[in-house]
Amino acid sequence: MTLLTFLLCPLLAAPNESDVVVELQPFLQAQCADCHSDGADEGGFELSSLTGDVDDRTSFARWQRVYDRVHRGEMPPEDADRPPVDEMATFLGELRAELVDADRRRVDEQGRVTARRLNRVEFEQTLSDLFGRPLDVASMLPADAAEEGFQTVGAALNISAVQMRSYLEAIDAAIDQSIFLHDRPEPRTYRLSLLNSLNYMQTYRDQISALPTVDGMTLFATEAMSHHNAVWDHFTVPYEGRYRITISTFLVNSDKPLGLTVRAGGTGHKESLDLPSRTLRHLEVEQREPRQFTFEADLLRGHFLHLYPSELPKRRFPKNGKYEQATFDGPGVNVQWMEIEGPLYDEWPPASHETLLGGVRTESIRGVVNEDPNPHLARRPLIPADPRERQEDWPPGGNPVPLLAGPVNEDAQFVARDYSNRRRKVVDKILAGKHPAVDPLPDYDLPPGTPLPSYGGEPIYRGVQAPKPIQRTRQLAPKDPSKDLDRLIRSLAKRAWRGPAGGAEATKYVRLAQRWLDDGVSFEDALRTGYQAVLTSPRFLYRADSLDQDSDGPRQLDDWQLAERLAMFLWNTAPDEPLRRDAAAGRLGETATLNKHVARMLRDDRSDRFVRDFLGQWLDLYRIDDTAPDLALYPEYDPVLRTAMVVECEAFFRHMIDANRPAAEIVQSDYVTINRRLAELYGLEAGGEEPSVVRLPDDSVRGGLLTTAAVLKVTANGTNTSPVIRGKWVLERLLGQKPDPPPPGIPAVEPDIRGAVTIRDQLEKHRNIGNCASCHKKIDPPGVALESFDPVGRYRTNYRILRDDYSNFDKRQLKPRYREGLPVDPSYQMPDGHEFADIRQLKELLAEDEAGIAHVLVDRLITYAVGAPPTIGDEDAITAIVEQSAADGYGVRSILEAVITSDLFRE
Amino acid sequence: MTSTSIIRHGSINRRTALRGLGAAISLPVLDAMTPALAEEAAPLRRMIFINLHLGFMADNFVPTDAGTGYKPSKYLERLESFRDDFTVVTGTSHPGVNGAHTADVSFLTAAPDAASASFRNTVSVDQIAAEQIGQDTRFAYLPLGLANSSMSYTRSGANIPAINKARVLYERLFVNGSKVEKQRVRRQLDDGRSIMDFVGDSARSLERRLGSRDRQKLDEYFTNIRETETRLQKSQRWLEVPKPKPATKGKPKDVADRADFIAQIDLMYDMIHLAAESDSTRVITFNQPNLNDVLPHDGVSQGYHSLSHHNGDPEKIRQLELVEMEQMDNVARLLGKFRDTAGAAGSLLDESMIMVGSIFGNANKHDTSNMPIVLAGGGFRHGRHLAFDQTNNTPTANLYVSMLQQAGVEHEQFASSTGTLTGLEPA
């Protein structure tokens, strides 16, 4: 028992005889007692709350705080007498030694990490890789708690009965998503046009921001103004699977590229609201000539496709019957057609089915048919890609119905009215079933993009419903159920449990399922029970590298644990075969072998999961949608920009790893990794949807993760920015300092963007309250410098404020609702008094401490990878890792390697 | 070698807590399912907690005078016909709770400093109540909301996912599955139980190889496996009991306009009423999260959250007022439904404590002091404004302790409470 290492009497709780007291007591008595003892408890801290038991975690934390604050020079405060330098050094030295010793004892006795389960992200990914298909189950599990900002920290990952039950449900759902007991669907190809969307056509003459053209539809506004029920011929994704989508599109009235968002499911699609919405792409439409984009996407049965130019503003045309869309000269995107091919399967049944039901005989069920949700498309003539290429006998079989409207007429108003009257009658007939569901097609001899004011040719479809779930057309008919059960459960257990194969243990799971089978339960239910048991066993749910196998002395992970920690760190999943091989052979612990795996794993695309998950937590990128920018103030924000922001950070960190760029580039770099959309926001040049490395001019305010739009967005609240919130964030996340929470009863400082009070004036006042100054002199400098950026990451010299008369604006008018307000003053001084003029100079000052920035990165990486925040006893080890990478200029890749081969990682 | 003190203390607390939980759950189930037996001792009480994330503008909410003769504020005028059925509570807050919009996770837990990196949530008051007064009903508690997370947090501080679709909730409350479906659910529950049973056993073998610290951590796993089993067992028994008939006919239709959060909240309030009226549960939480939808009502053109940061802009304030009035009217409709429904003795409102509030006293400044609170029903002496000090707030947890005690839950202390809420007394 190593308690009561030192106590400090008579100041502190209890008497004691340790030598340490003799040395610490006079210092505390002389320096601290005035404000922190005998009933005085400034800052809510009293010395008697310190007990001598540093092995007690609460007590340890208090002592650590004493150490930190004295060490950082915050205590004793500036206005008190400063202790002599050598006394301070002695005190700190003694205290630190005690804390480091206690910390070491704790790690030795308890291990570094508290036993922990997989978090949601790991659970879903590990299960997906195990089953062999991307699963959608994370949202069924309760959100994970975080500690030190990471959802990988063992102490925060508790198990509750709610959690346990969610696992059972999630595993059941995962099995449902993975087995395919219907016949292989034939891939089919449809070419779809918005011209064939009833709702577009019914309303386009009023206000909708779309213009039918001979070859397609020109869209003039973003999602909010698009027609949610305009779902491409009412095409419904017939089967879950991978589809190849080709979209033919060109710019209208614009030479500036525009993003065209393609989405499946979600808002607006009433029919598929229950399905998860997926933003598939933001296609970069760059030219006035038609161009085809082809990409593949995983879609769900029942998804509808939706498409809109989301960079364009909300716009509505006046409801005056003048059909102003036809003469509108603003920017738009014409979508000629969309072709969708699929479902595409590499094999049938898919790999996940083989994993769970491989080798089990099935037989066909008579009379069960899965209805095609797109019967209306079977009879429909195709819209040609280019009208000039249309077939001779277009439309096939000729037009059954006479034209409703005349040729394109200059007097659109007349035609429109005439059209709509006559059309209404036909529509009614069609809906009543008294008329064939296809009416005449337009005149295709006109050049692409020609407006179609008198168009009246779209097919009408009656209300389309989301399809019923797939029914099984085959059923399981195992020849020897027991044998299949035995084989499948063993096989899954072997791969699911991330350790040496436990054949004997698997037998018990087989027996469980067997017992059900014997009781007359169906083969499938028995098998599911077996699978659920395997996957709720701690051998699946718990991280093996967090479970200690013996309890004496400092513990090194064994090879299996190391394999798991590494695979979870870089891939968010269980170890793959090569890792398992080397673990089984006991070779993984060798540094050379380990390095070989690290290099291999970082080359693999799966390491993108690390980049995404680590940044998602470290930089709060997972919270990018937590606040929605006020579009009256920041109309620049749109979904294309939002995606570009996150992608920039991920590409930047990826580049730092791949090119082994210095860690200091977290704060300052002479390049950025941006795409066209972000280049516009930053005032730089870049093209395309994908980011590329762009050199910065010397005087740029950009460069480094610190000034990425994503970081600037997650640190703002959508309407305004606060130097305190941003400053605290930078301090915690990038500079590794933890300012204390504000004392109770202090009003929050919020910018008054309307009034004449600058945020600086408010801060000055705030800082003078009580003992706020000691923290604020550190929090405020980065926060003040970052005032040069608004909540969507745009550089600003003045604050924007809403115009007084904005509420009188016509909704359809697009003129700005804001005006320029007070100027931003980003100049300030560092805690040491060093002055800076703006963010550029601040970044230079911060970037000087290369080792310090590397230190924070190592600390964050260890917390994320190991699942426990480093403590004071680990500081030397972290410094050693940092130094190891110094030769490479603190390159991020070198840091990663040094982290993985360090003792901290392997304990 | 013994384990260090911190571990020992920690696990004793946890284990004691869980033992209490286990005891509550393993009441003889047959008894537990016949509520009549329990009613002899104490009147039936229900607890309903409603979180309206952005709260209310204080100038329009807080009455200028205190006590029974208070003059209703602009917003409270909307509740005037219920004057004797509710108490307005001002000048309370959760000490140390801050962190802008993240702070609302502490609405029912009072856990401080939600935005700090080391934050971990604690158990919410409804869960404490559910452990005791939730045992006699089909659902120990119902965590409702408009998004994925509810206001309810387990003993380990994990968020309980919300039921956020009225249709789904309705089915769980009132729709008896077909025979086949029932069979399937029965099978699933059976499966679940035997899996928990089995996994618990087989994990024991793993436990023997572990060090003491991890054995304790795994203890949490075992305890929860046992509890999961117990809960599954309970669900299974209830499966055999036919579901009640709803007071109103027809399944609810989900609100088609996703921006119309007022209609969505109103629909959820309907469901809260149906759940209480059918005695499907005694504990309900409802979470209206931070929303930035533009309410599709005349005169409103900006997102709810954008409006809340009005910074004194008269136009934004005008629009926000419209939204907040609608919120109040929703509350009035909810109270009306409860008052118009007969309970075991008196009205359903007399049985049900309905607490409506927000973590923000001033969302414009993310100020978490002076939480706006309306407490209706539940057999308290109402009709007054309990005005606590606006600068030196009383812990809101005191109100929670008062509510727990009113529900017959023996609790002297909860989170940051310093006692019960002065001036709030049973009728």
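No value in this document is a laboratory result; all are computed from the given coordinates. These numbers were taken from a predicted model, which means no experiment stands behind them. Here the Cβ is made from the backbone with ideal geometry for all residues, glycine too, and neighbour counts use every protein chain on show.
Measure nothing but the geometry: give the 0 to 90° angle between the long axis through the Cα atoms of B:314-339 and the longest principal axis through the Cα atoms of chain B, rounded to 10°.
60 degrees
Please give the FRET efficiency for A:S491 paired with A:F295, using the beta carbon to beta carbon distance and R0 = 35 Å, rounded to the nearest 0.05.
Efficiency at R0 = 35 Å is approximately 0.50.
Any chance you could run the full-extension gain for A:R184 through A:E875? It's 0.36 nm times the residue separation minus the Cα-Cα distance, nm to one decimal.
242.9 nm
Show the residues, 5+ positions off or on another chain, whose built amide H is closer than 5 Å to the amide H of A:I674.
A:S692, A:V694
To the nearest whole number, what is the average tally of beta carbon atoms from other chains within 10 Å of the beta carbons of peptide A:530-541?
So the per-residue partner count for this stretch is 5.
Of all the Cα-Cα pairs you can form in region B:224-374, what percent are over 24 Å apart?
Within region B:224-374, distances greater than 24 Å cover 48 percent of Cα pairs.
Could you order the peptides A:297-307, A:709-719 from most to least packed, using the average number of other C-beta atoms within 10 Å per residue?
With the highest mean Cβ count within 10 Å placed first, the list reads A:709-719, A:297-307.
Name the residues whose placed amide hydrogens come within less than 5 Å of the amide hydrogen of A:R800, ignoring near sequence neighbours (fewer than 5 apart) on the same chain.
HN-HN under 5 Å from A:R800: A:G821.
Mind pulling the angle between the C-alpha long axis of helix B:212-239 and the longest principal axis of chain B? Nearest 10 degrees, somewhere in 0 to 90.
In chain B, helix B:212-239 runs at an angle near 80 degrees to the longest axis.
How much length is gained if the chain between A:T327 and A:D888 is pulled fully straight, taking 0.36 nm per residue apart and subtracting their Cα-Cα distance, in nm to one decimal?
That pair, A:T327 and A:D888, stretches by 195.9 nm at full extension.
How about region A:90-176: which GluC sites (Glu not before Pro) there lie in a loop by DSSP and see at most 11 other Cβ atoms within 10 Å?
Sites meeting the loop and neighbour criteria: none at all.
One-quarter of the Cα convex hull surface for region A:586-644, in nm²?
Result: a mean projected hull area of 5.9 nm².
Thinking of region A:601-722 as a set of Cα atoms, what percent of all their pairs are more than 19 Å apart?
I get 47 percent for the Cα pairs in region A:601-722 exceeding 19 Å.
In whole Hz, with x marking every Gly and Pro, tabulate ³J(HN,Hα) for region B:400-411 from phi via Karplus 6.51 cos²θ - 1.76 cosθ + 1.60, θ = phi - 60°.
Taking θ as phi minus 60°, the curve returns 4, 5, 4, 5, 4, 5, 4, 7, x, 8, 6, 9 Hz for region B:400-411.
What does the charge dipole of region A:808-865 about its Cα centre add up to, to the nearest 20 debye, if the Cβ of each Lys and Arg holds +1 and the Cβ of each Asp and Glu holds -1?
Once rounded to the nearest 20, the dipole reads 840 debye.
May I ask you to list the lysines whose Cα is less than 16 Å away from that of B:K182, ignoring any residue fewer than eight positions away on the same chain?
Within the straight-line cut-off, B:K182 pairs with B:K234, B:K243.
P(r) for region B:348-427: what percent of alpha-carbon pairs falls in each 5 Å bin, starting at zero?
Calculated over all Cα pairs of region B:348-427, the distribution is 3, 14, 23, 26, 19, 10, 4, 1 percent.
Could you pull out every residue, at least 5 positions away or on a different chain, whose amide H is within less than 5 Å of the one on B:R46? Hs are placed 1.01 Å off N in the peptide plane, and Pro or chain starts have none.
B:S352, B:M353
Can you work out ³J(HN,Hα) from phi for every residue in region A:187-194, in order, using Karplus 6.51 cos²θ - 1.76 cosθ + 1.60 and θ = phi - 60°, giving whole Hz and x for Gly and Pro?
x, 10, 10, 10, 9, 10, 9, 5
Counting only Cα, what are the radius of gyration and maximum Cα-Cα distance Dmax of region A:758-900, in Å?
21.3, 64
Below 22 Å, Cα to Cα, which lysines can A:K778 reach? Residues fewer than 8 away in the same chain don't count.
In chain and number order, the partners are A:K713, A:K728, A:K738, A:K765, A:K843.
Just check region B:45-113 against the gyration tensor rule for me: Cα atoms, a ≥ b ≥ c as the square roots of the eigenvalues, rounded for a/c under 1.5, and otherwise prolate or oblate depending on whether a/b exceeds b/c.
Prolate, because a/c is 1.5 or more and a/b exceeds b/c.
What would the Debye formula give as log10 I(q)/I(0) at q = 0.28 Å⁻¹ for the alpha-carbon point model of region A:311-372, no solvent?
Debye output, listed in q order: -1.26.
Within a 10 angstrom radius of each residue's Cβ in B:185-197, how many Cβ atoms of other chains show up on average? Whole number is fine.
Mean shielding by partner chains, rounded to a whole number: 5.
Would you mind telling me the antiparallel percentage of the DSSP bridges in chain B, rounded to 5?
Once the DSSP bridges in chain B are tallied, antiparallel ones form about 40 percent.
Quick one: plug the Kirkwood hydrodynamic radius of chain B (C-alpha pairs) into Stokes-Einstein at 4 °C, 1.567 mPa s, and report D in µm²/s.
Calculated translational D: 57 µm²/s.
Where a Cα-Cα gap under 19 Å defines reach, which lysines qualify for A:K314, not counting those fewer than 8 residues away within the same chain?
A:K256, A:K811, A:K815
Report, in degrees rounded to the nearest 10, the 0 to 90 angle that the Cα long axis of helix B:179-207 makes with the longest principal axis of chain B.
The helix B:179-207 is inclined about 60 degrees to chain B.
With the cut-off at 1.5 for a/c, could you classify region A:648-715 from its C-alpha gyration tensor as rounded, prolate or oblate?
rounded
How long are the semi-axes of the ellipsoid equivalent to region B:99-157, from square roots of 5 times the Cα gyration tensor eigenvalues, in whole Å, largest first?
They are 24, 13, 8 Å, listed largest first.
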